[in-house]
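Computed from the coordinates by the stated procedures, all read-outs in this text should not be read as laboratory data. Source: prediction; values computed, not measured. All Cβ positions, even for glycine, are placed from backbone atoms using ideal geometry, and neighbour counts span all protein chains on display.
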Amino acid sequence: MFWAGRDDLNAICGMGVRCGQMGIPGDYVMDDKAAREWKTALAAHGFTLVTLFAAYEGESYSDQPAVQATVGFVPAATREARILRTLELSDFAAKLGVGSIACHIGFVPETKDHPVYVTVREGVRRVCDHAARHGQTFALETGQEAAEALLEFIEGVDRPNLGINFDPANMILYGTGEPVEALKVVRERVLSVHLKDGKWPPKDNPEALGTEVPLGRGDVNISRFVEALGEIGFTGPLNVERETEDQAARLREMAAGVELLRSLE
Ligand code: MG
């Protein structure tokens, strides 16, 4: 997965990949000019975008309380603006001919009658219905809740174009479950995947998140995870994701991740 406005498509294609997901930062301007430029660049490289992934301004992934307070559709103060931004992202994806959108919606409460649960569910329905008019699916990123809770939430939303972007590292970083077991629980709903790695959070600090690390160096067990994707019949792209501030290291580690996946084929 690469980011609009941050990554150079030449560098991504230099890794030998020709399809993937594009992240859209919260401050990225999704106007007609940007759509035209991306269409031209994608066509020139023969690159197929499978998903546009939304991030929102003001999100922090520094620890569990920060995620709770700032990520996705959960924080009330930014909820409406972010839902509208996601509808705009769906329109932008349609202009690029992209058939799926995705985001983190944040920590959804586990009780169905909780007011935040009900409001977030309504927001997700709005995004699904808007995306459906463009013939798109909407994928929720895994990790901030256990697989069973996410599945139950998706069933509660009750929209046929809603599914999951499965990120095995997030299950570890948030301490929400062993990735292969979680994958089996949500198998029917997996629309897309991230290939990312991480280490479990420290046991003595319930607020801490685990540490994201380059693919193959964490606790995911990448070869077993890829094998499990085959077992559930997943045939879509394996989107290598690496989120770290050091851009040079990030690109180098993404390229190494692509090589690692090739070695498993
Ligand atoms: Mg991810």
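For the reader, a short list of remarks on this structure follows.
- Note on segment 146-167: residues that are more than 12 Å from residue 189 (Cβ to Cβ) and in contact with an Asp or Glu (Cβ under 7 Å, 6 or more places away or on another chain) amount to 2.
- Hits in segment 69-98 - residues which are under 17 Å from the mean Cα position of the chain (by Cα) and under 19 Å from residue 114 (Cα atoms): 70, 71, 72, 73, 74
- Note on segment 24-76: residues that are in a loop (DSSP other than H, G, I, E, B) and either touching a Leu at 6+ places or on another chain (Cβ under 6 Å) or not hydroxyl-bearing (Ser, Thr, Tyr) (or both) total 18.
- Leading residue by the ranking (surrounded by the most Cβ atoms within 10 Å (Cβ to Cβ)) among those in segment 174-215 that are within 13 Å of the ligand (Cβ to nearest atom) and of a type in the set (Asp, Glu): 197
- Scanning segment 220-240 turns up no residue that is surrounded by 16 or more Cβ atoms within 10 Å (Cβ to Cβ) and without any contact (Cβ under 8 Å) to a residue 12 or more places away in the chain.
- Hey, residue 126 among the basic types (Lys, Arg), within 22 Å of residue 190 (Cα to Cα) and in contact (Cβ under 8 Å) with a residue 12 or more places away in the chain or not: yes
- Residue count, segment 1-23 (criterion: within 16 Å of the ligand (Cβ to nearest atom) and assigned to a helix (DSSP H, G or I)): 0
- The helices (runs of 4 or more DSSP H) found wholly in segment 77-173 and carrying at least 2 residues that are more than 16 Å from the ligand (Cβ to nearest atom) and surrounded by fewer than 16 Cβ atoms within 10 Å (Cβ to Cβ) occupy 115-133, 147-157.
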